[in-house]
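J.: For reference, the structure I am asking about is given below.
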Ligand code: IPM
Ligand code: MN
């Protein structure tokens, strides 16, 4: 099994280190894992002047799984090409169109998921750009992006949502802005059409603005959320606070082949990078879902999941979680990774 780790920028390297500790324990448990490392994002711009080079893309294609830390940072805010473009290129070039973000917290009885479209919409739609125009005889800047989806892109995503719900509570919630946007009107129509082929699954629709409230008020009713690229990006940050902190959400991206991309949902947190205080739960939970979805190993996946929650139930946490954990005892990133690994190995 070739696992390619792309630590990226900011806190990416330090959280990746914690993940590698756990991967080594998986090797002790019998997994034959070959760990490779490479560059993406700002660190790749520093080295090669581009955020993702062709060689790395080829190594990605030959891997069995890719685990990405995070990309971006102030350092590149004036750079003509941004670290984030490397990540968007990776998602697009390797066809990672379906992004599963499980929102799960046993302390609060939370268990639903966001299925986010990852290859289309306003992130990629053309035309996009920034230009100058004469308005009232004054040269003025204007900028534009395009929320563009074709039927096939919507169908393939929504089908995955319905199929995922078959193994869960058989409830799908589609989030859109169809009271205003054409792209959402088509989305809703297709969701209804696909729903008619899944008689046992219940579909409901919520507008994105009200969805931000439903997530807080009625999250117990949720099971599988399906939504476009930009709404999924925004809602998942909100959901991370439901489970604890921004550092706690993992994600899995699928393409049509068996290759998967795992990444935490959080950003590179350049303000705290290198201080050994970041939260590695997002990236470690990515391994939890890798064990479940890619390796079909429910046993080890559960074991790792409960190792994380065992550490938290003893009160140990990184500083970002102090408001969520009773009788908290703050430990650093490294110690926190060791604690999880300790329970994963000994318990
Ligand atoms: C995410 C991130 C990315 C996104 C950024 C880093 C480009 O926020 O994975 O949620 O917007 O998709
Ligand atoms: Mn995001």
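The values are calculated or read from the model by the stated rules, or taken from the named source; none is laboratory data. Bear in mind the structure is a predicted one, so any value in this text is a computation, not a measurement. Neighbour counts are summed over all protein chains in view; Cβ atoms, including those assigned to glycine, are modelled from backbone coordinates with ideal geometry.
J.: Just give me the residues in the range 40-85 being touching a strand residue (DSSP E or B) at 6+ places or on another chain (Cβ under 6 Å) and closer than 25 Å to residue 279 by Cβ, in sequence order.
T.: 40, 41, 65, 66, 67, 68, 69, 70, 71
Residues checked against (1) in contact (Cβ under 8 Å) with a residue 40 or more places away in the chain; (2) in contact with a helix residue (DSSP H, G or I) (Cβ under 9 Å, 6 or more places away or on another chain):
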residue: 132; (1), (2): no, no
residue: 141; (1), (2): no, no
residue: 144; (1), (2): no, no
residue: 147; (1), (2): yes, yes
residue: 153; (1), (2): yes, yes
residue: 156; (1), (2): yes, no
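J.: Being surrounded by fewer than 20 Cβ atoms within 10 Å (Cβ to Cβ), without any contact (Cβ under 8 Å) to a residue 12 or more places away in the chain and on the phi > 0 side of the Ramachandran plot is true for just one of 296, 327. Which residue is that?
T.: One residue alone meets the criteria, 296.
J.: crowded, with 21+ Cβ neighbours inside 10 Å, more than 14 Å from the chain's Cα centre (by Cα) and within 16 Å of ligand 2 (Cβ to nearest atom): is that true of residue 215 in this structure?
T.: For residue 215, the condition - crowded, with 21+ Cβ neighbours inside 10 Å, more than 14 Å from the chain's Cα centre (by Cα) and within 16 Å of ligand 2 (Cβ to nearest atom) - is met.
J.: Please identify the pairs in which a residue from the range 21-42 that is under 20 Å from residue 8 (Cα atoms) has its Cβ atom under 9 Å from the Cβ atom of a residue that is modelled with pLDDT under 95 and loosely packed, with under 13 Cβ neighbours inside 10 Å, counting only partners at least 6 apart or on another chain.
T.: Once the first residue is under 20 Å from residue 8 (Cα atoms) and sits in the range 21-42, no partner that is modelled with pLDDT under 95 and loosely packed, with under 13 Cβ neighbours inside 10 Å comes close enough.
J.: Out of 190, 230, 234, which single residue is buried (at least 18 other Cβ atoms within 10 Å of the Cβ) and not in a strand (DSSP E or B)?
T.: Working: 230 fails: buried (at least 18 other Cβ atoms within 10 Å of the Cβ); 234 fails: buried (at least 18 other Cβ atoms within 10 Å of the Cβ).
The conditions single out 190.
J.: Right, something else. Could you please find all residues in the range 275-314 being within 21 Å of residue 328 (Cα to Cα) and out of contact with any helix residue (DSSP H, G or I) (no Cβ under 9 Å at 6 or more places or on another chain)?
T.: 309, 313
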